[in-house]
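**Q** Handing you this structure, nothing more for now.
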Amino acid sequence: MSAGRGVEAQNEFERVALPHSQSLLRVARRLTSCSSSADDLVQETLFSAWRGFHQFQPGTNIRAWLFRILFNQFYEQGRKSRNTPVMVQLTAASHVTRPAPDRKIEMTRALDSLPLDHRTVLLLTIVEGFTAREAAEILGVPAGTVMSRLSRAREAMRALLPERNTEYARRRTENRDPVRAC
């Protein structure tokens, strides 16, 4: 590859791929539950995407392609970490009572408590706005599986956040047109 073509490819990669780095990082943080691990995951994702950029088909969904690489990297790291001993941090103040969590923390904890496959589908469809079909392509599963996982994830979130569920139901009832409610 000539130097001119390398610069062109780099410019094209930066133009089409890098604008999605914040979305990748947002999902990586939810997958890893650790900011530094999420940064590493996104860095590995973008590095792999750069190495394989010649395989990307212009005109196709770059965002879905990048997310597929992100999940492949995440699963690869999971396979590698199974052979690594778990580090446990010991703190002297582990018995300290913490204040009641606010809604955002509550939502984060509920989301983090979901099984990985449910959390992943919820992040891709609700947070990142992918369709069920696009999420299925990213995850390499049938669209029906994505829809089933999404339904179960929503149901679990409603169970984990009953206060929010009743608030949502109240708002829906208040906003309902009595003529159309039948």
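The values are calculated or read from the model by the stated rules, or taken from the named source; none is laboratory data. Values in this document were obtained by computation on a predicted structure and should not be read as measured data. Note: ideal-geometry Cβ built from the backbone for every residue, glycine included; neighbour counts use all protein chains shown.
**Q** So, residue 16, is that one surrounded by 18 or more Cβ atoms within 10 Å (Cβ to Cβ) and either within 19 Å of residue 140 (Cβ to Cβ) or touching a helix residue (DSSP H, G or I) at 6+ places or on another chain (Cβ under 7 Å) (or both) or not?
**A** It is false that residue 16 is surrounded by 18 or more Cβ atoms within 10 Å (Cβ to Cβ) and either within 19 Å of residue 140 (Cβ to Cβ) or touching a helix residue (DSSP H, G or I) at 6+ places or on another chain (Cβ under 7 Å) (or both).
**Q** Moving to a separate point now. Is there a residue being modelled with pLDDT of 60 or more, in contact with a Lys or Arg (Cβ under 6 Å, 6 or more places away or on another chain) and not assigned by TED's automatic domain parsing to the domain that holds residue 67 anywhere in region 163-178?
**A** No - not one qualifying residue is present in region 163-178.
**Q** Mind checking which residues of region 109-142 are exposed (fewer than 15 other Cβ atoms within 10 Å of the Cβ) and either among the small types (Gly, Ala, Ser) or part of a helix (DSSP H, G or I) (or both)?
**A** 109, 112, 113, 116, 126, 127, 129, 133, 140
**Q** Give the residues of region 51-71 that are under 16 Å from residue 136 (Cα atoms) and over 13 Å from the mean Cα position of the chain (by Cα), sorted by residue number.
**A** Those that are under 16 Å from residue 136 (Cα atoms) and over 13 Å from the mean Cα position of the chain (by Cα): 60, 61, 62, 65.
**Q** Counting only residues that are among the hydroxyl-bearing types (Ser, Thr, Tyr) and part of a loop (DSSP other than H, G, I, E, B), which one in region 13-69 is nearest to residue 111 (Cα to Cα)?
**A** Per the stated criteria, the residue is 33.
**Q** Could you tell me which residue of region 19-42 is modelled with the lowest pLDDT, considering only residues that are surrounded by 14 or more Cβ atoms within 10 Å (Cβ to Cβ) and hydrophobic (A, V, I, L, M, F, W, C)?
**A** In this case the residue turns out to be 31.
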